[in-house]
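The values are calculated or read from the model by the stated rules, or taken from the named source; none is laboratory data. This structure is a prediction, so every number in the text was calculated from the model and none was measured. Ideal geometry is used to build each Cβ from the backbone, glycine not excepted, and the neighbour counts take in all protein chains shown. Ligands, DNA and RNA are stripped out before the accessible areas are found, and what is left, the full protein with its side chains, is counted by its heavy atoms. Shrake-Rupley method; radii C 1.70, N 1.55, O 1.52, S 1.80 Å.
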Amino acid sequence: MSKNDPKRVHSRRAVLRAGLAGGAAALAPLSAASAQTNPANLPPNVADWTKMLGEGVAARPYGKPSKHEAHVGRRDVSWLTASPQSSVSFTPLHEIDGVITPNGLCFERHHAGIAELNSADYRLMLHGLVDKPLIFTLDDIKRMPRVNRAYFCECAANSGMEWRGAQLNGCQYTHGMVHCVMYTGVPLKVLLNEAGLKPKAKWLLLEGGDSAAMTRSLPLAKALDDVLIAYRMNGEMLYPENGYPVRVVVPGWEANMWVKWLRRIEVGDEPWHTREETSKYTDLLEGGQARRFTYLMEAKSVITNPSPQAPLKHKSGFTVLSGIAWSGRGKIARVDVSLDGGRNWRTAKIDGPAWDKALTRFYYEFEWDGSELLLQSRAMDESGYVQPSKAELRKYRGVNSIYHNNGIQTWQLHKNGEVENVEVG
Ligand code: MTE
Ligand code: CO
């Protein structure tokens, strides 16, 4: 069987025909409006911009990307949007490199829109099974000992639309509910020590100050381990859409627990069984049982370039394939890449920092012979966990799930350089 045997490759069109998806074709336009070349600017001529003075320094008090990069942005998918207030916009993973997500491109997920807090009225309450209930102002929090840590933040629903087959045509949509930024914040254990925990304390309730009042239960052991009460992202104060002025950072665990606009922490002795940990963020298995309290985000990876929104412009020759890998268990130890749908694997090159529970960048350089390829990546973390194929995942989890889909992604690279979301098997 050849690698592009139609029996082996399940395209998204087949899935669409099977009626499992609606409206995937209605996505916003994806490709960049490429500027016209002006021969007068090309060598050996002196280009326009060399013949005149540039704009002065004060013209841009806050810098922005070049106007020629205006196509780079977060996007939503209309049929995944109940209302703009209860929606998600996705990180354009195919437009960025390295491991840090620029603040303005971090995906956003809100259940009741962006809460507009002002820093003067911000208060964080800490109460329940503590010796001394406390209320912190933002200045109180900023005065405490702080740390800087880069972590990935992935919505448990990332890739959730792909459970039953290939569907969305672009890594921004299939994998773009993840970002990775350098947080500055206070370890939660510092605040808990300040209040003093009663001996029965076992769980915390985290509550958001938005009108969804998002609430999640957090085991005390995790709170005392690496959870941060963060107020800066990549050095700047948190952006409103990411929880200004204070959010919870729960390294390696599902983003739903990373409560934004944090209002209250209650200490208790058992979980609260809130909506977000019962009817939501719970997966129905084939036998009718539900998986609950599935906090950890397992190892995952995706090739960001080439990908459906980032086709190859050359027809053959030297090609750099690039992608990201991450694991809630710790560091990424290795990433393998396949060009033939998982038959043969080669080890990719990891470049840049490979931090604990953070996005890790990989590259694979090869000579493309211009033939059709089935591109895959497979992440392995320091615990020895290996990212499963979608078929392996479905064996254990069935197809009723939405959350925690970390199966291997396949992109079909066509001879004309275009790329399509497919499944093999
Ligand atoms: N916190 C509050 N208060 N309200 C919310 O709607 N959404 C959660 C989480 N924290 C949410 C929240 C979900 S489901 C996700 S995926 C992350 O925030 C998204 O974080 P981001 O918008 O910074 O990407
Ligand atoms: Co989410």
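Taking the condition among the basic types (Lys, Arg), over 20 Å from Asn118 (Cα atoms) and open to solvent by 40 Å² or more (accessible area, probe 1.4 Å), does Lys198 pass?
yes
Among the residues of the range 177-215, write down those that are in contact (Cβ under 8 Å) with a residue 60 or more places away in the chain and assigned to a helix (DSSP H, G or I).
Leu188, Leu191, Leu192, Glu194, Ala195
List the number of the failed condition for Lys313; all other conditions in (1) within 16 Å of ligand 2 (Cβ to nearest atom); (2) surrounded by fewer than 16 Cβ atoms within 10 Å (Cβ to Cβ) hold.
It is condition (1) that Lys313 fails.
Which numbered condition trips up Thr319, out of (1) more than 22 Å from the chain's Cα centre (by Cα); (2) within 27 Å of Leu168 (Cβ to Cβ); (3) open to solvent by 50 Å² or more (accessible area, probe 1.4 Å)?
So the condition that Thr319 fails would be (3).
From the list Ala115, Ala58, Ala82, which one is modelled with pLDDT of 95 or more and either outside the structural domain of Met177 (by TED's automatic domain parsing) or open to solvent by less than 50 Å² (accessible area, probe 1.4 Å) (or both)?
Selected residue: Ala115, the only one of Ala115, Ala58, Ala82 that is modelled with pLDDT of 95 or more and either outside the structural domain of Met177 (by TED's automatic domain parsing) or open to solvent by less than 50 Å² (accessible area, probe 1.4 Å) (or both).
Keeping to the range 119-148, report how many residues are out of contact with any Pro (no Cβ under 7 Å at 6 or more places or on another chain) and either within 16 Å of ligand 1 (Cβ to nearest atom) or β-branched (Val, Ile, Thr) (or both).
7
State all residues of the range 353-376 that are of a type outside the set (A, V, I, L, M), assigned to a loop (DSSP other than H, G, I, E, B) and closer than 19 Å to Glu154 by Cβ; if no residue qualifies, say none.
The answer is Pro353, Trp355, Asp356, Lys357.
Out of all the residues in the range 79-100, is one or more of a type in the set (A, V, I, L, M, F, W, C) and under 16 Å from Ala230 (Cα atoms)?
No: the range 79-100 contains no residue that is of a type in the set (A, V, I, L, M, F, W, C) and under 16 Å from Ala230 (Cα atoms).
Restricted to the range 164-194, and to residues that are open to solvent by 10 Å² or more (accessible area, probe 1.4 Å) and among the hydrophobic types (A, V, I, L, M, F, W, C), which residue is nearest to ligand 2 (Cβ to nearest atom)?
Met177
Test Asn234 against the criterion of being of a type in the set (S, T, N, Q), more than 16 Å from ligand 2 (Cβ to nearest atom), open to solvent by 20 Å² or more (accessible area, probe 1.4 Å) and over 23 Å from Lys357 (Cβ atoms), and give yes or no.
No.
Restricting attention to the range 266-290, report how many residues are among the charged types (D, E, K, R) and open to solvent by 70 Å² or more (accessible area, probe 1.4 Å).
The number of residues fulfilling the criteria is 5.
Restricting to the range 85-112, name every residue that is surrounded by fewer than 18 Cβ atoms within 10 Å (Cβ to Cβ) and within 16 Å of ligand 2 (Cβ to nearest atom).
Answer for the range 85-112, where residues must be surrounded by fewer than 18 Cβ atoms within 10 Å (Cβ to Cβ) and within 16 Å of ligand 2 (Cβ to nearest atom): Gln85, Ser86, Ser87, Ala112.
Would you check if Arg263 is touching a Ser or Thr at 6+ places or on another chain (Cβ under 7 Å), assigned to a strand (DSSP E or B) and open to solvent by 20 Å² or more (accessible area, probe 1.4 Å)?
no
Is the range 277-298 home to any residue that is assigned by TED's automatic domain parsing to the domain that holds Thr137, part of a helix (DSSP H, G or I) and within 14 Å of ligand 2 (Cβ to nearest atom)?
So far as the range 277-298 goes, yes, one or more of its residues are assigned by TED's automatic domain parsing to the domain that holds Thr137, part of a helix (DSSP H, G or I) and within 14 Å of ligand 2 (Cβ to nearest atom).
Check every one of the strands (runs of 3 or more DSSP E) wholly within the range 108-176 and list those with 2 or more residues that are of a type in the set (D, E, K, R).
Output list reads 108-110, 147-154.
Please count how many residues of the range 253-282 are within 15 Å of ligand 1 (Cβ to nearest atom), at negative phi and in contact with a helix residue (DSSP H, G or I) (Cβ under 8 Å, 6 or more places away or on another chain).
6
Check the range 377-396 and report whether any residue there is within 16 Å of Asn305 (Cα to Cα), of a type in the set (Val, Ile, Thr), outside any helix (DSSP H, G or I) and touching a strand residue (DSSP E or B) at 6+ places or on another chain (Cβ under 6 Å).
no
Go through the residues of the range 191-206 one by one and say whether even a single one is within 16 Å of ligand 1 (Cβ to nearest atom), within 17 Å of Glu266 (Cα to Cα), within 23 Å of the chain's Cα centre (by Cα) and not polar (S, T, N, Q).
yes
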